[in-house]
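Trainee: The structure's right below; bear with me while I get my questions together.
The values are calculated or read from the model by the stated rules, or taken from the named source; none is laboratory data. Here the structure is a predicted model, which means the values were calculated and not measured. Please note: Cβ atoms are built from the backbone with ideal geometry, for glycine as well, and neighbour counts cover all protein chains shown. Surface areas here come from the heavy atoms of the whole protein model, side chains and all, with no ligands, DNA or RNA. Shrake-Rupley method; radii C 1.70, N 1.55, O 1.52, S 1.80 Å.
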Amino acid sequence: MDAYKIGDYEKFDRLKTRKIQENLIDWYKKNHRKLPWRETKNPYYIWISEVMLQQTRVDTVIPYFLRFIDKFSNIESLSNADEEVVLKMWEGLGYYSRARNLHRGAKVIIKEYDGKMPDTLKEIKKIPGIGPYTAGAILSIAYNEAVPAVDGNVMRVFSRLFYIKEDIGENNTKKEMEKIGQMVVSKENPSFFNQGLMELGALICTPTSPKCVACPLFMECTGRKLMIQETLPIKKKKIKVKLVEMELAVVYKDEKILIMKRPTEGLLANLWALPSIEREKNMEEGESIRLELEENYGMTIKNKKYLFEKQHIFTHRKWKMKVYSFELIRDEKIDYPEIQWISLQEIKKYAFPTAFMKVLKNVKKQEK
Ligand code: SF4
């Protein structure tokens, strides 16, 4: 049994493909988890759930999903909302560009598509943030269109099932997986087929220790027959995580602290935060943030005090955050586009990214 070679489409003979479809759909009907977005064919709900599920665990997503659709029950209400309110509903889920894209996407659907989610691949891919996977998920589940939905879980299943040795970190392999998905997706029931693959990847064909004896594709799986399933998929590239030393300031004025809104572009855009800056190398600890407050915010401050250190990992970087407190002497010159003085009880009202939330919770704890 040789490994699959790109373009070797004969490998997907009709008989084998049919067996895979039947077994998978049958298994899905009997075994799928009851999740709120599985009880509907509403394309808006499916869109929200699929976007939330990117990089995030199902258990975490459920309460966010329910709160989100309760607050924004349809595309129109999402499009009419302030971005800040949308970000607040997303607070803690991370990868905030997903929330911004959903918001932008809702506006595009209202403006260009009369408020109705497009039902063709060509049109749906024009919506901000909807890539091939999300498009496939929405079209197959909501509209029963035979379009594949191939994400990392599905690539893992395909790599094992068809013995594909190509590096799944490569764009070419991803495109090839899409073609394979197109070839094997059920025309009769693409919704259950795609959801079956997603569920199989989540519950049975897991990254480590796949539960092959419980797998509906046991007989068809080449990786399992060769007993190499755990060596697949191949992923050579590792994401390099850059360590960034940050300094953060908790500036007190009476009983309140200073927060600022981050710029409209870049990491954590438009979210509320504490004043922060990357530490200047060769500068004494705590001095980069002190100078930032004095020179760039135009503040007069005193009593610098080191509080604690926290870490936060983003996709490509890790922040090592050292937190300092200061007392404000004069603030009439604060030169920053959007700031607020708030009490620690008021932090719930603002959309803070997780990195800053961790710090604020600790400040609150220390104050008790
Ligand atoms: S038999 Fe095992 S390796 Fe193959 S698809 Fe099923 S769980 Fe994955």
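Trainee: What net charge is computed for the residues neighbouring ASN31, neighbours being all others with C-beta under 14 Å from the C-beta of ASN31, Lys and Arg scored +1, Asp and Glu -1?
Mentor: Taking every Cβ under 14 Å from that of ASN31, the sum is +4.
Trainee: When the accessible area of the chain is split by element with a 1.4 Å probe, what percent falls to carbon and sulfur?
Mentor: Of all accessible area on the chain, carbon and sulfur atoms account for 49 percent.
Trainee: Moving on. With runs of 4+ DSSP H residues as the only contributors, calculate the mean residue ellipticity of the chain at 222 nm using -39,500 (n - 2.57) per run, divided by the residue total and rounded to the nearest 500.
Mentor: -12000 deg cm²/dmol
Trainee: With only Lys, Arg, Asp and Glu charged, each at its Cβ (+1 for the first two, -1 for the last two), find how big the charge dipole of the range 83-132 is about the Cα centre; round to the nearest 20 debye.
Mentor: Roughly 140 debye for the range 83-132.
Trainee: In the chain, what % of DSSP beta bridges are antiparallel (nearest 5)?
Mentor: The antiparallel fraction comes to roughly 65 percent.
Trainee: Next question, about the same structure. Once amide H atoms are built 1.01 Å from N in the peptide plane, which residues 5 or more positions from GLU245, or in another chain, come under 5 Å H to H?
Mentor: ARG279, LYS320
Trainee: Which entries of LYS5/LYS211; LYS179/LYS225; LYS322/LYS348; LYS29/LYS111 have Cα-Cα distances beyond 28 Å here?
Mentor: Correct reply: LYS29/LYS111.
Trainee: What's the extension gain from LYS122 to ASP8 if we count 0.36 nm per residue and subtract their Cα-Cα distance?
Mentor: 38.4 nm
Trainee: Which value, in Å² rounded to 10, gives the accessible area of LEU268 with a 1.4 Å probe and all protein chains present?
Mentor: Roughly 20 Å² of LEU268 is accessible to a 1.4 Å probe.
Trainee: Okay, next question. So what's the net charge close to ASP2: Lys and Arg +1, Asp and Glu -1, counting the other residues with Cβ under 10 Å from its Cβ?
Mentor: +2
Trainee: May I have the pair-distance distribution P(r) for the range 9-231, computed from all Cα-Cα distances with 10 Å bins from 0 and rounded to whole percent?
Mentor: 8, 33, 34, 19, 6, 0
Trainee: Heavy-atom accessible area per residue, the chain, 1.4 Å probe: how many Å²?
Mentor: So the chain comes to 51 Å² accessible per residue, rounded to a whole number.
Trainee: Where does each of GLU327, GLU91, GLU295 land when they are ordered by accessible area, with a 1.4 Å probe and the largest first?
Mentor: GLU295, GLU327, GLU91
Trainee: Mind giving me the nanometre distance, one decimal, between the label points for GLU284 and LYS30, set 7 Å out from Cα along Cα→Cβ?
Mentor: 7.2
Trainee: Separation of the range 293-368 and the range 24-74 by C-alpha centroid, Å?
Mentor: First find each Cα centre; the distance between them is then 35 Å.
Trainee: Now for a different question. Pairs of alpha-carbon atoms within less than 8 angstrom and 6+ residues apart define the contacts here; what relative contact order does the chain have, in percent?
Mentor: 16
Trainee: Counting Lys +1, Arg +1, Asp -1, Glu -1, what net charge surrounds ASP13 among other residues with beta carbon under 13 Å of its beta carbon?
Mentor: Every neighbour counted, the sum reads +2.
Trainee: At a Förster radius of 25 Å, what calculated FRET efficiency corresponds to the Cβ-Cβ distance of LYS304 and LYS256, to the nearest 0.05?
Mentor: Efficiency, rounded to the nearest 0.05: 0.85.
Trainee: Give me the accessible area of ARG38, 1.4 Å probe, in Å² rounded to the nearest 10.
Mentor: Ignoring ligands and nucleic acids, ARG38 comes out at about 50 Å².
Trainee: Let me ask something else. Ranked from highest to lowest mean number of other Cβ atoms within 10 Å per residue, what is the order of the peptides 64-72, 215-223, 113-121?
Mentor: Going by the mean number of other Cβ atoms within 10 Å, highest first, we get 215-223, 64-72, 113-121.
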